[in-house]
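So the structure is just underneath, and the comments pick up after that.
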Amino acid sequence: MGRLGLFPSLFSASDVPKGANSFRVSGSSEVDVFMVYNRTRVTEPIGKARWPLDTDADMVVSVGTASKELKDFKVRVSYFGEQEDQALGRSVLYLTGVAISLEVDTGRTGKVKRSQGDKKTWRWGPEGYGAILLVNCDRDNHRSAEPDLTHSWLMSLADLQDMSPMLLSCNGPDKLFDSHKLVLNVPFSDSKRVRVFRARGGNSLSDYKQVLGPQCLSYEVERQPGEQEIKFYVEGLTFPDADFLGLVSLSVSLVDPGTLPEVILFTDTVGFRMAPWIMTPNTQPPEELYVCSVMDTHGSNEKFLEDMSYLTLKANCKLTICPQVENRNDRWIQDEMEFGYIEAPHKSFPVVFDSPRNRGLKDFPYKRILGFRMLLASPSACLKLFQEKKEEGYGEAAQFDGLKHQAKRSINEMLADRHLQRDNLHAQKCIDWNRNVLKRELGLAESDIVDIPQLFFLKNFYAEAFFPDMVNMVVLGKYLGIPKPYGPIINGRCCLEEKVQSLLEPLGLHCIFIDDYLSYHELQGEIHCGTNVRRKPFPFKWWNMVP
């Protein structure tokens, strides 16, 4: 029963002696025998009474251990006639027990343990169960230009840590395995999603051989005499998506090859769920900030890099600068990739989602990486602020004050500009539409939204920021790297910076304004577009959630 298979030498009705009308069953010490019947129609014998031969019942035999020799377990059936004190004859059923099972980390502890429960199905939640696979998309061998999963052979022993262990238990007499086959199988639909390596226990790459995977659906297990446990490693190849729910299965079968066709005597199956890619939001603590060093016709961003260095120092975050030789003067690192991670009970590692943009930074992800408020740009908040400053007598204070190559615009001029007013009325309507969608879908209240003053102008059916877009910032924990807006200077301070500080610093945030005007804003981007952040994973385990 369960993982323990029984291989009997059967007896037949011809073994029943003439005159017999009842029987009794007994087994050797390792064997349990019990009768299964309908209690409403069958009466169980009491005391020395026997079971009638015509009883509508089934005899079930089970053992709790594997045989040491062929046919070393016995079930004895004694037949009786009218004289119940002496048997008319006996039949003996010789049995061979063999324990076969596939074991994986169904308990999600990070280790493979023997499981008596359901190994095929997968359950979500803190009380759930089921094994987890990681997509092996990192590069443990840095001599390779491709992720580990692109290779059908092991590239590094460290690569085993990215795979899920699987144990095949095969306990029983060697003679039985000499005449039967153990076959590991993967369904055709799953074969392109997983790869299985057989482990021989050594410290050499040659000790690990691929046995299942794409174009390899079955493997006849090579078992050495006396070998009771055989170790495998299972590698994930594809992430869940719209066409793949993430569930795959593997099975082992004991096959009798002495018949045509071959007979499958026993099968044990285990299921896995592929770990999803999890993107970290900017509410998670930062671990590393990435930014590009460039020098092109627009000039150098050296000052920008200095400001980023100061920001990361304050935020206690590592700064990684992608050199020009690698970024090929492509400064828009946010557009090229998105940071996230994958996690299983035994291992987690950061994973970069590489966009199909493929410009100057297209190779960078492969070469180098492998509590809350919603901020909305608000033209109406900006116009309201400027109107207040005008009424306070500061109408001649100018936007872009301090910029050498940009014409200044006074508050009075901006408020009187009908085209600017019209463009921003339209932009505000579009933002309000998105605002309502985000409130509905994210379950936000108005108090969860912070309106950041910003103006736009329309150009070819889309909006461009009139001054550096302060919402397009980088978040490093409590420190915010915000594009310097070059707003009107009133009493020695930029009124736009002052307004943003009054909105965000009461939340415990620190605003650091960074000049990105020439190096990013004039190229239609801002700080967020030119940086990228690797963040800490969530402490909550994804498999404990209930969808």
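The values are calculated or read from the model by the stated rules, or taken from the named source; none is laboratory data. Model, not experiment: these values are computed from the prediction. Cβ placement follows ideal geometry from the backbone for every residue including glycine, while neighbour counts extend to all protein chains displayed.
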Please state which one of GLU326, GLU306, GLU227, GLU288 is in a loop (DSSP other than H, G, I, E, B), modelled with pLDDT under 95 and of a type in the set (Asp, Glu).
GLU227
Among the residues of segment 513-539, write down those that are part of a strand (DSSP E or B) and in contact with a Lys or Arg (Cβ under 7 Å, 6 or more places away or on another chain).
PHE513, ILE514
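I'd like to check something: does segment 396-410 contain any residue that is of a type in the set (A, V, I, L, M), modelled with pLDDT of 95 or more and in contact with a strand residue (DSSP E or B) (Cβ under 9 Å, 6 or more places away or on another chain)? Even if it seems obvious, please write down each step before you answer.
Our first condition is that a residue be of a type in the set (A, V, I, L, M); within segment 396-410, this holds for 397-398, 403, 407.
Those still in the list that are modelled with pLDDT of 95 or more too: 397-398.
Among the residues that remain, those that are also in contact with a strand residue (DSSP E or B) (Cβ under 9 Å, 6 or more places away or on another chain) are: 397-398.
Taking every residue of segment 396-410 in turn, at least one turns out to be of a type in the set (A, V, I, L, M), modelled with pLDDT of 95 or more and in contact with a strand residue (DSSP E or B) (Cβ under 9 Å, 6 or more places away or on another chain).
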Answer yes or no: is there a residue in segment 442-452 that is among the polar types (S, T, N, Q) and modelled with pLDDT of 95 or more.
no
Mind listing whichever residues of segment 340-356 are assigned to a strand (DSSP E or B) and in contact with a helix residue (DSSP H, G or I) (Cβ under 8 Å, 6 or more places away or on another chain)?
GLU343, LYS347, PHE349, PRO350, VAL352, ASP354
Filtering segment 42-97 down to residues that are assigned to a loop (DSSP other than H, G, I, E, B), under 17 Å from ASP15 (Cβ atoms) and touching an Asp or Glu at 6+ places or on another chain (Cβ under 9 Å) yields ARG50
Quick one: in segment 249-277, which of the residues that are in a loop (DSSP other than H, G, I, E, B) and out of contact with any His (no Cβ under 9 Å at 6 or more places or on another chain) is surrounded by the most Cβ atoms within 10 Å (Cβ to Cβ)?
ALA275
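Quick check on segment 403-433: of everything there that is polar (S, T, N, Q) and within 43 Å of the chain's Cα centre (by Cα), which residue is farthest from TYR486 (Cα to Cα)? If you could, list the steps in order and put the result at the bottom.
Going through segment 403-433, the residues polar (S, T, N, Q) turn out to be 406, 410, 412, 421, 424, 428.
Right, trim to within 43 Å of the chain's Cα centre (by Cα) and you get 424, 428.
Numbers: ASN424: 19, GLN428: 21 Å.
The qualifying residue farthest from TYR486 (Cα to Cα) is GLN428.
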Residues in segment 212-247 that are crowded, with 18+ Cβ neighbours inside 10 Å, in contact with a Leu (Cβ under 7 Å, 6 or more places away or on another chain) and under 20 Å from LEU134 (Cβ atoms) total 7
Is it true that some residue in segment 202-216 is touching a helix residue (DSSP H, G or I) at 6+ places or on another chain (Cβ under 9 Å), at pLDDT 95 or above, of a type in the set (Ser, Thr, Tyr) and assigned to a strand (DSSP E or B)?
no
Restricting segment 141-176 to residues that are among the polar types (S, T, N, Q) and part of a helix (DSSP H, G or I), the one nearest to TRP543 (Cα to Cα) turns out to be GLN161
Can you pull out the residues in segment 125-140 that are in contact with a helix residue (DSSP H, G or I) (Cβ under 7 Å, 6 or more places away or on another chain) and part of a loop (DSSP other than H, G, I, E, B)?
GLY125, PRO126, GLY128, LEU134, ASN136, CYS137, ASP138, ARG139, ASP140
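Where in segment 373-471 are there strands (runs of 3 or more DSSP E), lying wholly inside it, with at least 1 residues that are closer than 20 Å to ILE490 by Cβ? Explain how you work it out, then say what you get.
Details: elements: 374-378, 449-453, 456-459, 462-465.
Counting at least 1 such residues, we get 374-378, 449-453.
Using the structure shown, decide if VAL270 is β-branched (Val, Ile, Thr) and within 17 Å of ASP515 (Cα to Cα).
Values: β-branched (Val, Ile, Thr): yes; within 17 Å of ASP515 (Cα to Cα): no.
So VAL270 does not fit the description; no.
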